[in-house]
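Encoded as structure tokens, the structure appears first; notes follow it.
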Amino acid sequence: MPDDAATAISTRGAPRADGEEPGHESSLPKGFSLADPKLPKEIEDAAMRSGGYPYDKRIKREDYEEKLLALQIELMKLQKYNLKIGNRILCLYEGRDGSGKGSCIKAVNEHMNPRNTRTVALPKPTETERGQLYFQRYAVHLPTAGEIVLFDRSWYNRAGVERVMGFCTEDQLAVFLREAPEFEGLLVRDGIKLFKFYLTIGREMQIERFHDRAQDPLKQWKLSPVDMAALGRYDDYTRAEIEMFRFTHTAIAPWVVVRANDQRRARLETIRHILLAIDYEGRDLDAIGVHDPLIIGSGPEFFHPGIKQPKA
């Protein structure tokens, strides 16, 4: 997507360093720039609680590492059992730019056998792929017997990035929203265990993470023209999310929303959700623990966050 994004953005005017595109209103602080080595204090102070996040601080590292180790041991049991009976597990990780999808995936596969657990993060489509059925390029990466496949972004690019950035037409979007539940229904009915995670973060937290990427030479590769443009389109993405949930949250393939201002809690909750959903040999429910209902869920409070309405 980055190359496509650069092309599309260049036709409308390059994004500024503050993330706001020409002619597009943004609620970013006046004069804010990712190039400034100092993050404005008002953003830093508001980041953790932004977007209605329920906690003031991250979970303590010692507590997090203890819980993560217990969950990763359970994941190893799950992988062994999965190989034994030939289950197919598919996890989609979607969410805003900077929400921590990659770190959640890393927490899952950190100690897993890479022969049986793999990550799929597709580049922009080729000319051949553009001429195919939209789901075709993703279908070839679906898990076979005994595999766990983790998608770092999936076919839901069409309902998020492509929609907001103008990379697809309204007709293409409408077709996708109609056909995605049918496609997922086929997968589940064929026996694939499908998990759809959507990680969401507050506006100030997104700004803070983008600023961190811009200032860290080891993370600058994560910033693309699409990321820059996303800073000024927070509410556009929220409206797209709400409509995506409305059409594609189904009984057979439900969405699970994870509030991810604290990446540590998000990693724990996504792993915990998978482990609680599948019964496997030696499963230790005490080690897995219980969900934090303030962080993970599928109710209206997760699907319909408050957003600013566009001006008439």
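If only one of A139, A174, A159, A145 is of a type in the set (G, A, S) and within 17 Å of the chain's Cα centre (by Cα), which one is it?
A159
Of all the residues that make up the stretch 88-113, how many are in contact with a helix residue (DSSP H, G or I) (Cβ under 9 Å, 6 or more places away or on another chain) and either basic (K, R) or in a loop (DSSP other than H, G, I, E, B) (or both)?
Adding up the residues that qualify gives 11.
Please pick out the residue among G98, G86 that is open to solvent by less than 60 Å² (accessible area, probe 1.4 Å), of a type outside the set (D, E, K, R) and either at pLDDT 95 or above or more than 23 Å from the chain's Cα centre (by Cα) (or both).
G86
Residue by residue through the stretch 145-189, note down the ones that are of a type in the set (V, I, T) and either open to solvent by less than 60 Å² (accessible area, probe 1.4 Å) or under 19 Å from Y93 (Cα atoms) (or both).
Selection gives I148, V149, V161, V164, V175, V188.
Please specify each residue of the stretch 206-222 satisfying the condition of being open to solvent by 10 Å² or more (accessible area, probe 1.4 Å) and either under 28 Å from I296 (Cβ atoms) or assigned to a helix (DSSP H, G or I) (or both).
Residues satisfying the conditions are E208, R209, H211, D212, R213, A214, Q215, K219, Q220, W221, K222.
Can you say whether H211 is more than 22 Å from V257 (Cα to Cα) and in contact with a Leu (Cβ under 7 Å, 6 or more places away or on another chain), as far as the supplied structure shows?
Criteria met by H211.
Does L187 fit the bill of being part of a helix (DSSP H, G or I), aliphatic (A, V, I, L, M) and farther than 29 Å from L231 by Cα?
Answer is yes for this residue.
Name every residue in the stretch 114-162 that is in a helix (DSSP H, G or I) and either at positive phi or among the small types (G, A, S) (or both), in order of residue number.
Selection gives A139 alone.
How do the pairs read when you match residues in the stretch 283-299 that are more than 17 Å from A70 (Cβ to Cβ) and open to solvent by 30 Å² or more (accessible area, probe 1.4 Å) with residues anywhere that are basic (K, R) and not in a loop (DSSP other than H, G, I, E, B), using Cβ under 8 Å and keeping only pairs 6 or more apart or on different chains?
From the stretch 283-299, the pairs are L294/R259.
Kindly establish whether E241 is in contact with a Lys or Arg (Cβ under 9 Å, 6 or more places away or on another chain) and buried (at least 19 other Cβ atoms within 10 Å of the Cβ).
yes
Pairs only if they're at least six apart or on different chains, beta carbon under 7 angstrom, first in the stretch 34-61 and free of Cβ contacts under 8 Å to residues at least 40 places away in the same chain, second open to solvent by less than 30 Å² (accessible area, probe 1.4 Å) and small (G, A, S); list them, first residue then second.
Listed by first residue and then by second, the contacts come to nothing, as the list is empty.
The values are calculated or read from the model by the stated rules, or taken from the named source; none is laboratory data. Only a predicted model underlies this, so the values are computations on that prediction, with no experimental measurement involved. Ideal geometry is used to build each Cβ from the backbone, glycine not excepted, and the neighbour counts take in all protein chains shown. When the accessible area is computed, the model is the full protein with side chains, heavy atoms only, and any ligands, DNA or RNA have been set aside. Shrake-Rupley method; radii C 1.70, N 1.55, O 1.52, S 1.80 Å.
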